[in-house]
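Please read the structure below before turning to the comments.
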Amino acid sequence: MTADAFGPITDNAAGIAEMSGAGPNVVGSLSALDAVGNTMKATTKAYAMASGTVTSFTLFATFFKIVGLTSVEVSKPFAVAFLFLGISLPYLIASLVIGSTAKTAVQMVDEVRRQFHAIPGLLEGRAKPDYAACVDIATKNALREMLWPGLVAISVPVVAGFAFGSWALGALLIGAVAGAALLGPFFNNVGTAFDNAKKMIEAAGLKGTPEHQAAVVGDTVGDPLKDVAGPSLLIFMKLIGMAALLVAPVIRAGTPLISLLR
C-alpha cells in the first residue's frame, strides 16, 4: 500500500509544482520522483495481478468442485470454442474501458474549450473556471460507461453455463483467467514505459521537438493502459469467477439448453 500510494503523491506534487510556476530544479526533481512513482505503481500492480490470478484460479477450482467437473476435454470443438471465447473476453473488456476513457476525455476537452469561450476573463486568469462541470462529466461517465463491461463479465458466464453446461463454463473460465493474467501485467508495464519515456525526453530538454510530441501521444495511450485497462482486468478475473460460482448449483441441478434442443 505504501509503494502504491507513493506514485499518486509524487504525481500530484509534480503537477502542483508545474502549475504554480516553480523553478526548473524543483520541477525536474519532482518529475524524477514521479518516474520512480510510476515504476513503483507498476510493481505493486504486478503483485495485485498475481494475487488476483491466484484468487481467480481458486474460484474456478471451487466451481469445478461444486459442479462435479474433474476435467475439460479440449478435443471437443465446443470446449475449444469456449476456451478461445474466454481468452478473447479480456481484450473485449479492455477495448470497452479504453474507448470509454477516450470518449470521456474528448467530452472534458470540449467542456474546457466551451468555458474559455463562455466565461469572460478566464484565459487571462481574471475569472475562475467551473470545476464542477468537469468533475460531473468524469463521475457520470465513470459510472455510465461501466455498464457494458459489467454486463459482459456477468452475463457471458451465466449464458454459457445455462446454455451449454458446466464443461463450457469451465473452459470459458480457464481461458478468461489465463488471458487476463497475461494481458493485465502487459498493460501495466507498457503504460508505465510510455509515461516514463515522455519524462526522460522532457528531462533531456527536448520539449516541443517531434520526439516529445510522439512521446506525448504515447503517454496518451499509456495512461489508459496502466490506469484503466490493467486494473479493470484484475476486477474482471474475480467478477467472472464469482458469477460462475453463483450459478454453479443451478447449473449442476439443471439441464443445459443445448441438450433440450437435440
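Give the residues of the range 55-73 that are more than 30 Å from Asp227 (Cα to Cα), in contact (Cβ under 8 Å) with a residue 60 or more places away in the chain and either of a type in the set (A, V, I, L, M) or assigned to a helix (DSSP H, G or I) (or both), sorted by residue number.
Narrowing the range 55-73 to residues more than 30 Å from Asp227 (Cα to Cα): 62-73.
Retained after the next criterion (residues that are in contact (Cβ under 8 Å) with a residue 60 or more places away in the chain): 62-64, 66-69, 72-73.
Result: Thr62, Phe63, Phe64, Ile66, Val67, Leu69, Val72.
Among the numbered criteria (1) free of Cβ contacts under 8 Å to residues at least 60 places away in the same chain; (2) surrounded by 11 or more Cβ atoms within 10 Å (Cβ to Cβ), which one does Gly125 miss?
(2)
Collect the residues in the range 40-51 that are farther than 22 Å from Ile174 by Cβ and either without any contact (Cβ under 8 Å) to a residue 40 or more places away in the chain or buried (at least 17 other Cβ atoms within 10 Å of the Cβ) (or both), keeping them in residue-number order.
Met40, Lys41, Ala42, Thr44, Lys45, Tyr47
Run Ala35 past the list (1) out of contact with any Lys or Arg (no Cβ under 8 Å at 6 or more places or on another chain); (2) more than 24 Å from Ala178 (Cα to Cα); (3) part of a helix (DSSP H, G or I); (4) aliphatic (A, V, I, L, M) and report the number of the one that doesn't hold.
(1)
If I filter the range 52-75 for residues that are surrounded by 13 or more Cβ atoms within 10 Å (Cβ to Cβ) and charged (D, E, K, R), do I get at least one hit?
Among the residues of the range 52-75, not one is surrounded by 13 or more Cβ atoms within 10 Å (Cβ to Cβ) and charged (D, E, K, R), which makes the answer no.
So Leu89 clears everything in (1) in contact (Cβ under 8 Å) with a residue 24 or more places away in the chain; (2) farther than 30 Å from Leu147 by Cβ; (3) assigned to a helix (DSSP H, G or I) except one condition, right? Which one?
(2)
Quick note: the coordinates plus some simple rules give every number you see, no bench work behind them. Please read these numbers as outputs of a predicted model, since none were measured by experiment. Cβ coordinates were reconstructed from backbone atoms using ideal geometry, including for glycine residues, and neighbour counts include every protein chain displayed.
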